[in-house]
Amino acid sequence: MKITIFLFHPDLKMSSVNQALIKSITTEVKNIYELYPDENINIKAEQDALVKSDRIIFQFPMYWYSVPPTYEKMV
């Protein structure tokens with residue numbers, strides 16, 4: 001089973017929860033802030049990654065009970 005995790009965290013090194021998640025898994029993790037620091041997301045490439053996955057996880061901190069702006073741009 002292929003699982004793809006899309007991480008949307010502006011300061012991943014400071015997130016102990018996400019660091020533990022990354023260390024404990026053996027699946028593809030796509031750090032969107034690292035891949036697209038200018039926020040110009042390659043939508044086609046990310047759509048292809050979604051299609052090839054059996055499971056998809058979107059991991060991000062909650063900002064005032066909403067999603068990060070970069071997530072909104074991608075979705």
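The values are calculated or read from the model by the stated rules, or taken from the named source; none is laboratory data. Worth saying up front: this structure is predicted, and the values here are computed from it rather than measured. Quick reminder, even Gly has a Cβ in these numbers, built from the backbone with ideal geometry, and neighbours come from all protein chains shown.
The set of residues in the stretch 55-75 being in contact with a strand residue (DSSP E or B) (Cβ under 7 Å, 6 or more places away or on another chain) and either over 23 Å from Ser15 (Cα atoms) or of a type in the set (D, E, K, R) (or both) consists of Arg55 alone. Out of all the residues in the stretch 5-16, which are outside any loop (DSSP other than H, G, I, E, B) and within 15 Å of Met74 (Cα to Cα)? Ile5, Phe6, Leu7, listed by residue number. One residue stands out among those in the stretch 33-75 that are touching a His at 6+ places or on another chain (Cβ under 7 Å) and surrounded by 14 or more Cβ atoms within 10 Å (Cβ to Cβ): the one that is modelled with the highest pLDDT, which is Tyr33. Within the stretch 13-32, the only residue that satisfies the criterion of being surrounded by fewer than 16 Cβ atoms within 10 Å (Cβ to Cβ) and touching an Asp or Glu at 6+ places or on another chain (Cβ under 9 Å) is Lys30.
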